[in-house]
Amino acid sequence: MATTIVPVILAGGQGTRLWPMSRAARPKQFLPLVGATSLYQRTLERVSDPARYAPAVIVTNAEYRFLVAEQAEEVGVATSAVLLEPVARNTAAAIAAAALFVADRFGRDAVIHVLASDHAVEVDDNYRWSLEVAAAAARAGRLVTFGIAPGAPETGYGYIEAGAPREGGAVEVARFVEKPDRTRAAEMLAKGGYYWNSGTFMLGVDSFLAEVGRLAPETLAAASTAVEAARADLDFIRLDVEGFSRAPNISVDYAIFEKSDRVVMVPVSYAWSDLGSWDAVWKASPRDAGGNVSRGDATLSNTTNSLVVTEKAHVAVEGLDDVAVIASEDAIYVGRLSDAQKVGPMVKALRANPQTTGLTEIHRTAYRPWGGYSSILSGDRFQVKRLFVKPGKKLSLQKHHHRAEHWIVVTGTAEVTIDGTVTMLTENQSIYLPLGCVHRLANPGKITLELIEVQTGSYLGEDDIIRIEDEFGRA
C-alpha cells in the first residue's frame with residue numbers, strides 16, 4: 001500500500017499586490033480571481049482525489065478560520081484539520097507544525113504535499129506525472145521542490161538552477177537564485193536550466209523533520225511545543241501561542257532548502273502562476289480579440305491589452321492600452337498593467353497614512369461566519385449598513401454601550417430577540433433596539449435574510465460589542 005499523502009495548504013497570507021480587491025481582512029486566496037470559485041477553493045478541489053490524497057490539513061490564522069471552513073463546505077471538500085497560527089512566523093514554522101501534526105495523526109512515514117492556497121494551476125498529464133515523481137523521491141528521503149519552466153523573464157519569482165539529472169525524473173538543485181532584475185532574468189532564460197521557484201513541496205514527514213532538527217532546531221522546538229500544547233476550538237486547532245511565538249520568522253527556503261543536501265527538484269511545464277500581481281491575473285485569464293480581460297460591469301472602447309475589474313460601479317475605458325483599472329466598493333486603482341508590481345509599494349504608502357490605513361485592511365463589505373454587512377452611509381452620530389444573514393445562522397447575543405439600532409427587513413424572515421422577548425419580522429417590517437438592550441438576530445428561514453440597519457449614538461465602532469453568548473466562540 002502506498003504511503004499516505006497529506007496535502008498541507010498554507011492559507012494565512014495577506015497579499016497586498018492585488019489591492020484594492022485583496023486586503024488584510026479578505027486576501028487574494030479567498031477571492032474568485034480567475035473563475036467562479038476562489039483560489040483556495042480551487043486548491044482544495046485539486047487535492048480532493050481520495051485515491052491519491054488524505055483530507056487536507058489547512059494552516060491559517062485565526063482571522064481567516066471561518067472563511068477557510070465555509071469555503072471548504074461550499075465546494076464540498078472535507079479537511080483533516082484547520083491549524084490556527086497565533087502569530088505570523090513565515091513558512092518554516094508553519095510547515096514544521098503541520099508536519100508534526102501529520103506525524104501524530106497519520107504516522108511519521110506519511111508524505112506531505114505543501115501547497116500555497118493562492119496559486120493558479122492547470123491540472124494536466126504533466127502535472128499528474130510531476131506528483132508521481134515527487135512522491136517517489138519524497139518516500140526515498142528527498143526534500144522535493146517543484147520548478148516551473150519559465151515562460152518569460154519574470155522578476156517577481158525566485159529561480160532554481162537545475163543540476164544533474166537523477167533516476168526517475170527529478171534533478172539535483174545546483175542553487176537557488178533570489179528574485180532577479182529583468183536583465184539578469186533574461187540572461188538566465190537565454191542560458192537555460194533555470195526554473196521559477198513555485199514554493200510547492202513534497203516532503204516525507206520523517207526526513208523533513210530530521211532536517212529541521214539538524215538545520216533549524218529552534219524552529220523544530222517551537223513548533224513541537226506549539227503542537228503539543230495546542231487546544232481545540234470548535235472545529236479548529238489553535239497552536240499554542242507561547243510555543244509558536246518562539247519560532248524564528250524565516251521561510252522554509254532559507255531555513256532548510258538552501259542548506260540541505262537532500263533537496264531535489266521536479267522540473268515541470270504545466271501552466272502555473274502565483275497570481276502575485278494584476279498583470280499575472282491578466283495573463284492567467286481568457287482575453288478578447290483586443291487582448292483585454294474584464295470582470296464585472298465594464299465597457300471598453302478602442303482599448304487594448306488591458307485589465308478592468310469592478311465590483312459595483314460601471315467602469316468605461318476609452319482609447320487606452322496597457323492599463324489596469326480595479327474598482328472595489330470604496331477604492332479605485334488605475335495604472336499601467338505592465339507596472340503592476342508597483343502596487344505593493346503604493347499599498348505600503350497607504351498603510352503608513354492614518355487617513356488611508358483602513359483602505360488596506362478591510363473592505364466596505366465585511367464577511368462574518370453568519371453572513372456579513374456592507375457600509376452604505378455614515379455621518380456624525382449615524383451609520384447605515386446592509387446586513388445579510390445566511391439561512392439557519394444567528395448573530396451573537398450582545399449589547400452596545402453607545403448606540404441604538406433600527407432594523408428594517410428587506411427580504412427573508414428575521415427572528416429578533418430583545419431582552420428575552422422574541423419577535424418575528426418579515427419583508428418591510430421594522431423594529432427598534434434601544435441603547436443597552438440585550439439582543440440577537442437570527443435567520444430561521446431558507447433564504448438569505450437581508451435588512452437595513454440604522455445606527456445612532458455617540459460611538460459607532462465595531463468594538464462597541466459586548467458578546468454574551470456566541471455559537472462561533474468569539475469573545
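The values are calculated or read from the model by the stated rules, or taken from the named source; none is laboratory data. From a predicted model like this one, the values you see are computed outputs, not experimental measurements. Every residue, glycine as well, gets a Cβ built from its backbone with ideal geometry; the counts of neighbours run over all protein chains shown. These area figures cover heavy atoms from the full protein model, side chains too; ligands, DNA and RNA do not enter into them. Shrake-Rupley method; radii C 1.70, N 1.55, O 1.52, S 1.80 Å.
Being out of contact with any helix residue (DSSP H, G or I) (no Cβ under 7 Å at 6 or more places or on another chain), assigned to a helix (DSSP H, G or I), open to solvent by 20 Å² or more (accessible area, probe 1.4 Å) and farther than 28 Å from GLU132 by Cβ is true for just one of ALA190, ALA210, ALA185. Which residue is that?
Only one candidate passes the filter, namely ALA190.
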- Hand me the list of strands (runs of 3 or more DSSP E) wholly inside the range 238-332 holding 1 or more residues that are out of contact with any helix residue (DSSP H, G or I) (no Cβ under 6 Å at 6 or more places or on another chain) and open to solvent by less than 20 Å² (accessible area, probe 1.4 Å). 263-268, 307-310, 315-318, 323-327
- Matching entry among ALA51, ALA36, ALA88, ALA97 (being among the aliphatic types (A, V, I, L, M) and either at pLDDT 95 or above or crowded, with 18+ Cβ neighbours inside 10 Å (or both)): ALA97
- Taking ARG351, is it of a type in the set (D, E, K, R), open to solvent by 60 Å² or more (accessible area, probe 1.4 Å) and more than 30 Å from GLU154 (Cβ to Cβ)? no
- Task: Go through the range 122-161 and give me each residue that's open to solvent by 30 Å² or more (accessible area, probe 1.4 Å) and in contact with an Asp or Glu (Cβ under 9 Å, 6 or more places away or on another chain).
- Result: ARG139, PRO153, THR155
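Taking the range 222-260 only, how many residues are over 27 Å from VAL173 (Cβ atoms) and not basic (Lys, Arg)?
20
For (1) in contact (Cβ under 8 Å) with a residue 60 or more places away in the chain; (2) out of contact with any Asp or Glu (no Cβ under 7 Å at 6 or more places or on another chain); (3) of a type in the set (D, E, K, R), each residue gets a yes or a no:
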site: GLY319; (1), (2), (3): no, yes, no
site: VAL323; (1), (2), (3): no, yes, no
site: TYR333; (1), (2), (3): yes, yes, no
site: SER338; (1), (2), (3): no, no, no
site: GLN355; (1), (2), (3): no, yes, no
site: GLY358; (1), (2), (3): no, yes, no
site: LEU377; (1), (2), (3): no, yes, no
- Query: Would you pick out the residues in the range 162-175 that are surrounded by fewer than 17 Cβ atoms within 10 Å (Cβ to Cβ) and touching a strand residue (DSSP E or B) at 6+ places or on another chain (Cβ under 7 Å)?
  - Reply: GLY163, ALA164, PRO165, ARG166, GLU172, ALA174, ARG175
- Message: Scan the range 346-364 and tell me whether some residue there is among the hydroxyl-bearing types (Ser, Thr, Tyr) and not in a helix (DSSP H, G or I).
- Response: yes
- Of the numbered conditions (1) touching a residue at least 12 places away in the same chain (Cβ under 8 Å); (2) assigned to a strand (DSSP E or B), ALA164 fails exactly one; give the number of that condition. (1)
- Query: Just checking, how many residues over the range 56-80 are at negative phi, free of Cβ contacts under 8 Å to residues at least 40 places away in the same chain and either surrounded by 18 or more Cβ atoms within 10 Å (Cβ to Cβ) or of a type outside the set (A, V, I, L, M, F, W, C) (or both)?
  - Reply: 5
- Within the range 132-149, can you find the residues that are of a type in the set (A, V, I, L, M, F, W, C) and over 26 Å from the mean Cα position of the chain (by Cα)? VAL133, ALA136, ALA137, ALA138, ALA140
- Item | Filtered residues of the range 369-395 (kept if open to solvent by less than 80 Å² (accessible area, probe 1.4 Å) and basic (Lys, Arg)) | LYS385, ARG386, LYS390, LYS393, LYS394
- Message: With the requirement that a residue be outside any strand (DSSP E or B) and under 25 Å from the mean Cα position of the chain (by Cα), what does the range 366-390 give you?
- Response: PRO369, TRP370, LYS390
- Item | Candidates ILE447, ILE408, filtered to the one that is open to solvent by 30 Å² or more (accessible area, probe 1.4 Å), under 19 Å from PRO369 (Cα atoms) and in contact (Cβ under 8 Å) with a residue 12 or more places away in the chain | ILE447
- Only one of GLU415, GLU462, GLU453 that is among the acidic types (Asp, Glu), closer than 15 Å to TYR373 by Cα and open to solvent by 40 Å² or more (accessible area, probe 1.4 Å): GLU462
